[in-house]
Each structure stands twice: as structure tokens, then as C-alpha cells.
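Data block below; observations after.
Coordinate-derived values only; no laboratory data. Nothing here was measured: the structure is a model prediction, and the numbers come from that model. Positions of Cβ are generated from backbone atoms using ideal geometry, with glycine treated the same way; all protein chains shown enter the neighbour counts.
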Amino acid sequence: MNARQRQRVLNILQYHYLEELRLAAQFMKHAEKALYPQYRQRLEKLSGEDRRHAELLRERILGLGGQLPPPPQSVEEAGTQWELVVKDLQAEKDLRQRLLDDAYAIDQDDPETARLLLDIRTQEKQHRDALTDMLMKLSCYED
């Protein structure tokens, strides 16, 4: 991999590293506001899984000789529990698509990183399923 390709891969890894950290923080913030203990536990679990994804991405960034970007500062806020889960679900959907696009974009340059992104994407499907299940059980009129 030449220097240009390496930088492109690092930029993609850094983006996903920040997104995983942001989502982990967002899930924890939303868990604090959860109306039901089972939803709090699910969101805390999703947060932990996203922190593990960020750690995998961190290791790859450093393994390629890259620098870690500063952690994200903002977390998405909304009103009701239903609105929080909708935001989380949309963020997961966007992330899954970006992981797929980026994995295919770098597959020729760095197949190992492409596989890592696809593995994370597979795990993110479980997040989407858990959030969809939560959303179906919540009323949009709950506080």
C-alpha cells in the first residue's frame, strides 16, 4: 500500500473510530433517560459493544502508524424515549451503510481493514435489530 492509499485507509478508520465512540456515548446518555430497566440494560450493552468496536479500530489505526483523532464532544439529544430510539436507529442505519461503502472502497488497498469494517457492520446489524425491537414496543406518546 502506498502512502496515499494508507492515508485514505487511515481517514476511513479515524471516521469510524469517532462514530463508534460517539454512538457509544449516545447510547449511554440515552440509557440514563430510559423509562424501563430492560431498555437501559440494552442500551448499555450496545454502548459497550460500540466501545469494543472503537478499540478494534484504534488498534488498526495505531498498527498502520496513524494518529487517533480527539474524541467527539457532542451527543444527539431528543425528547421522548421513542424519539431517542428513532435517533439511535437512524444513526445505526447510516453507520452500517457507510461501513459497507468504505469496506468496498478500500478492499483492494487493504483487505484486512475492509474485513474489519465488514465484521463490525455484521455486529451492528444486531444493534439495529435490538433498537427496532425496542421501537416497536414503545409508544410514540410516552415521555
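With +1 on the Cβ of every Lys and Arg and -1 on the Cβ of every Asp and Glu, and nothing else charged, how large is the dipole of the range 3-137 about its Cα centre, in debye rounded to the nearest 20? Spell out each step's value before the answer.
Values: 22 positive and 24 negative charges, 24 e Å.
Dipole about the Cα centre, nearest 20: 120 debye.
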Completion exercise
The ³J(HN,Hα) series, computed from each phi in the range 125-133 with the Karplus coefficients 6.51, -1.76 and 1.60 at θ = phi - 60°, rounded to the nearest Hz and given as x for glycine or proline, is 4, 5, 5, 4, 5, 5, 5, 4, 4
Practice task
Considering Cα pairs under 8 angstrom that are at least six residues apart, work out the relative contact order of the range 3-137 and quote it in whole percent.
Solution key: 27 percent
Problem - Rounded if a/c under 1.5, otherwise prolate or oblate - the chain, Cα gyration tensor axes - result: prolate
Fill in the blank from the handout: From DSSP H assignment alone, runs of 4+ in the chain each adding -39500 (n - 2.57), the sum over residues rounded to the nearest 500 puts [θ] at 222 nm at -27500 deg cm²/dmol
Fill in the blank from the handout: Assertion target for MET28, MET136, ordered by fewest C-beta neighbours within 10 angstrom first, is MET136, MET28
